[in-house]
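What follows is a set of notes on a single structure, which appears directly below.
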Amino acid sequence: MKAGDLLRIALLNLWRRKLRAFLTVLGMVIGTSSIVVMVSLGIGIRQATVESYASYGSLTNISVNSWRWVDNGDGSGTSTEKKLNKKSVEAFKKIPGVKVVMPVITTWGMLKSGKYVSDASIMGIDAALAEEFGIELGEGRYPGYKRGSSNYEIALSQDTLNWFRDPKTGKEARDKDGNPKVTLGSRFQLTFDYNSIYNNQPARVNEGFPTDDEPPQGQLYRVSAVGMTEPNTGDFSWYCLMDIDALKKLAAENKAFVSLDTDNYQSVIVKCENTDVVAQVKAAIDEMGFGTNSLQDMLEQAEKQLQQIQLLLGAIGGVSLLVAAIGIMNTMMMSIYERTREIGIIKVLGCRMHNIAGLFLCEAAYIGLFGGALGILVSYGLSLVINLFIGSSGFKSVIPPYLVLGALAFSVMVALFSGLYPALRAMRLSPLTAIRSE
Amino acid sequence: MEQKPIIDIRDVIKTYRVGSVDVQALRGVDLVIMPGELCCIIGRSGSGKSTLLNMLAGLEPATSGQIIINNQHLERMTESELIVFRQKNVGFIFQSFNLMPYYTALENVAFPLSFRGVPNAQRLKRAKEALRVMGLSDHMRHKPSQMSGGQQQRVGIARALVTDPEIIFADEPTGNLDSNTSDEVMHAICDTMRANGKTLIMVTHDPNMAAFADKVINLLDGRITDIQCNARAKIG
């Protein structure tokens with residue numbers, strides 16, 4: 001028997017029992033759409049979670065620091081230190097799955113513009129890599145540095161810019177309309193000497209000639225603001241940025257005020273090629289004896305909890321699909337009782353056993369296919385309604401293409417499974433019943 | 001050379017179990033039928049004639065004995081093999097016509113060909129020809145409910161012949177028809193069988209119908225009591 005004939009005859013058989021076929025398909029529609037909507041909610045919630053994590057920073061980044069916590073297994077533990085330096089950066093670059101590695105040093109200093117002063121957390125970066133690591137600029141460009149020069153560039157953060165105030169009066173640097181007096185175009189000076197900038201100690205007489213018992217006064221460096229970081233993006237948006245070499249040089253010159261180990265890095269950011277390899281790269285770095293953490297870790301924790309929600313949602317949808325599947329089985333069984341005679345006749349007329357089973361399986365598959373397809377349409381509608389009326393940033397319904405295909409395949413599979421027993425029953429029916437005279 | 005028999009059964013016994021009682025439907029039947037013979041199995045109800053027919057057609061297994069049809073041992077076949085055997089060798093005419101009510105005459109006749117994987121165009125061509133032979137060219141598009149009993153049975157005959165089988169089995173083919181129509185249908189059956197050189201095995205309890213056959217096999221209580229050969233049929 002040709003496959004085309006089989007499909008055509010099966011469709012015809014369904015068509016002959018339109019109402020019942022329709023009702024069975026309807027059951028399947030409800031089953032499929034309920035499971036699709038439930039799963040889509042699960043996906044939507046998960047997506048929202050991932051997005052909210054991604055807004056804290058890149059999910060492919062691993063931040064490495066030199067302190068590693070070794071758990072003793074009884075709640076106590078010890079921290080071990082391993083220095084992060086150029087050699088370790090090179091070692092990280094060799095780990096498979098690592099895209100780029102960026103060492104990071106951070107310190108803090110004070111920025112002075114006219115009579116106003118602001119505190120700044122400063123991160124040393126590599127301008128060539130900054131964008132890769134999700135350090136975003138709102139305007140301007142990344143600060144660079146020509147080795148050996150005394151021309152320093154800085155990218156300011158919004159917070160630092162807003163913080164400018166008069167150290168004597170504490171008044172904010174704003175005019176009477178509330179507009180900031182210090183802007184990106186202002187002149188800036190950078191110092192690391194907290195005490196002198198805030199005038200916490202009496203003015204020194206012998207300026208420029210520090211004696212042994214008096215702490216030296218920190219130098220003021222002219223810095224030009226070349227850009228501003230984009231606020232509220234990722235891990236680094238509250239840092240002012242400087243070139244890492246420039247910052248190291250400044251730190252070295254200001255050892256009295258800044259305790260920054262310029263030979264080693266405080267932390268190193270490792271960017272992986274994709275989220276799939278994060279775990280294995282992280283494990284490799286752990287193995288080397290460094291402390292690591294990544295958003296991916298936290299996300300995985302959150303996902304474990306989400307999985308349970310997804311399971312629950314899927315189970316709720318699954319129940320209605322189960323009911324629909326039983327409906328299909330019932331319809332097919334009824335159909336067999338009705339068509340006992342017909343099955344017998346076609347058997348006598350030379351229909352092969354597997355073709356009879358095939359006919360019934362086809363009918364079941366059609367129900368699954370139509371029910372699934374309609375169910376997906378209904379799901380799109382429901383999903384739209386959910387997102388329009390009861391959706392929020394953390395609760396939404398998302399139907400990705402794979403869910404559509406999966407749902408279709410699943411409903412056909414469920415239908416075929418439900419049709420299996422009836423098909424076998426039909427196949428085994430005796431042809432004698434057909435020719436036995438009434 | 002002597003022709004080989006198309007049907008050769010030996011010592012066939014069939015026992016049914018009804019509750020806890022064994023009922024013997026056939027108590028040792030031997031029968032040889034040559035190709036092209038029109039045979040009629042006649043007997044009262046309960047004589048085992050339908051059982052014999054079912055066994056010859058491979059619809060029912062024998063309890064013991066040999067059934068050789070067209071050189072094939074039916075008693076050794078599985079159900080799927082029997083279906084293939086029927087596809088190739090056997091056509092059926094039913095008492096209650098057993099046409100598919102939702103198909104037209106043409107589709108009904110073409111239906112068995114679809115199980116044999118014949119392409120649609122060829123199916124319709126062969127079905128049209130078979131219906132033409134049965135004088136139903138004007139009724140091809142009619143559904144069974146739009147036709148008389150005689151017409152329906154002629155569609156049934158066309159359906160049995162369309163696959164060009166060696167043997168046609170007919171179980172009380174006129175059982176649901178009035179006497180005039182019965183004669184007409186019997187003529188139709190016998191004439192086509194003779195014209196095509198087919199072997200016909202027909203079961204009936206109506207002695208009038210037996211007159212159409214070459215060979216009349218009388219069955220009583222599961223045994224063949226008499227085999228008559230009709231002189232008139234031999235000439236025809």
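For region A:252-309, the set of residues classified as part of a helix (DSSP H, G or I) and in contact with a Phe, Trp or Tyr (Cβ under 8 Å, 6 or more places away or on another chain) consists of A:Ile285, A:Leu295, A:Met298, A:Leu299, A:Ala302, listed by residue number. When region B:220-236 is filtered for residues that are under 19 Å from B:Glu37 (Cα atoms) and at pLDDT 85 or above, the ones remaining, listed by number, are B:Ile224, B:Asp226, B:Ile227, B:Gln228, B:Cys229. Restricting attention to region A:325-351, the residues that are more than 9 Å from every other protein chain (Cβ to nearest Cβ) and in a helix (DSSP H, G or I) add up to 16. Quick check, is B:Pro165 open to solvent by less than 80 Å² (accessible area, probe 1.4 Å) and in contact with a strand residue (DSSP E or B) (Cβ under 6 Å, 6 or more places away or on another chain)? Spelling it out, B:Pro165 is indeed open to solvent by less than 80 Å² (accessible area, probe 1.4 Å) and in contact with a strand residue (DSSP E or B) (Cβ under 6 Å, 6 or more places away or on another chain). Of everything in region B:79-131 that is facing chain A (nearest Cβ under 7 Å) and hydroxyl-bearing (Ser, Thr, Tyr), the residue that is surrounded by the fewest Cβ atoms within 10 Å (Cβ to Cβ) is B:Ser80.
Is region A:80-91 home to any residue that is open to solvent by 20 Å² or more (accessible area, probe 1.4 Å) and either under 30 Å from A:Ala365 (Cα atoms) or of a type in the set (S, T, N, Q) (or both)? It would help to see each step written out before you state the result.
Kept after step one, since they are open to solvent by 20 Å² or more (accessible area, probe 1.4 Å), are these residues of region A:80-91: A:80-83, A:85-87, A:90-91.
From what is left, the residues that are either under 30 Å from A:Ala365 (Cα atoms) or of a type in the set (S, T, N, Q) (or both) are A:80, A:85.
Within region A:80-91, one or more residues are open to solvent by 20 Å² or more (accessible area, probe 1.4 Å) and either under 30 Å from A:Ala365 (Cα atoms) or of a type in the set (S, T, N, Q) (or both).
Residue count for region A:61-113, restricted to those that are more than 20 Å from A:Asn293 (Cβ to Cβ) and outside any loop (DSSP other than H, G, I, E, B): 11.
Residues of region A:390-438 that are within 14 Å of chain B (Cβ to nearest Cβ), touching a helix residue (DSSP H, G or I) at 6+ places or on another chain (Cβ under 8 Å) and either modelled with pLDDT of 90 or more or in a helix (DSSP H, G or I) (or both): A:Leu424, A:Ala426, A:Met427, A:Leu432, A:Thr433, A:Ala434, A:Ile435.
The combined condition, being part of a helix (DSSP H, G or I) and at pLDDT below 80, is not fulfilled by A:Asn232. Taken over region B:45-78, the criterion of being buried (at least 22 other Cβ atoms within 10 Å of the Cβ) and within 16 Å of B:Leu200 (Cα to Cα) is satisfied by B:Lys49, B:Ser50, B:Leu52, B:Asn54, B:Met55, B:Leu56, B:Ala57, B:Gly58, B:Ile69. Of all residues in region B:134-162, those satisfying the criterion of being more than 17 Å from the chain's Cα centre (by Cα), away from chain A (no Cβ under 13 Å) and open to solvent by 20 Å² or more (accessible area, probe 1.4 Å) are B:Gly135, B:Ser137, B:Asp138, B:His139, B:Met140, B:Arg141, B:His142, B:Ser145, B:Gln146, B:Ser148, B:Gly149, B:Gln151.
Being open to solvent by 70 Å² or more (accessible area, probe 1.4 Å), under 35 Å from the mean Cα position of the chain (by Cα) and at pLDDT below 80 is not true of A:Glu139.
Determine if region A:352-361 includes at least one residue that is away from every other protein chain (no Cβ under 14 Å) and open to solvent by 10 Å² or more (accessible area, probe 1.4 Å). Within region A:352-361, one or more residues are away from every other protein chain (no Cβ under 14 Å) and open to solvent by 10 Å² or more (accessible area, probe 1.4 Å).
Within region A:364-397, the set of residues being of a type in the set (A, V, I, L, M) and open to solvent by 30 Å² or more (accessible area, probe 1.4 Å) comprises A:Leu369, A:Ala373, A:Leu374, A:Leu377, A:Val378, A:Leu382, A:Leu384, A:Val385, A:Leu388, A:Ile390.
The values are calculated or read from the model by the stated rules, or taken from the named source; none is laboratory data. Quick caveat: nothing in here was measured; it's all calculated off a predicted structure. As a convention, Cβ positions derive from the backbone with ideal geometry for all residues, glycine included, and neighbour counts pool all protein chains shown. SASA here: full protein model, heavy atoms, side chains in, ligands and nucleic acids out. Shrake-Rupley method; radii C 1.70, N 1.55, O 1.52, S 1.80 Å.
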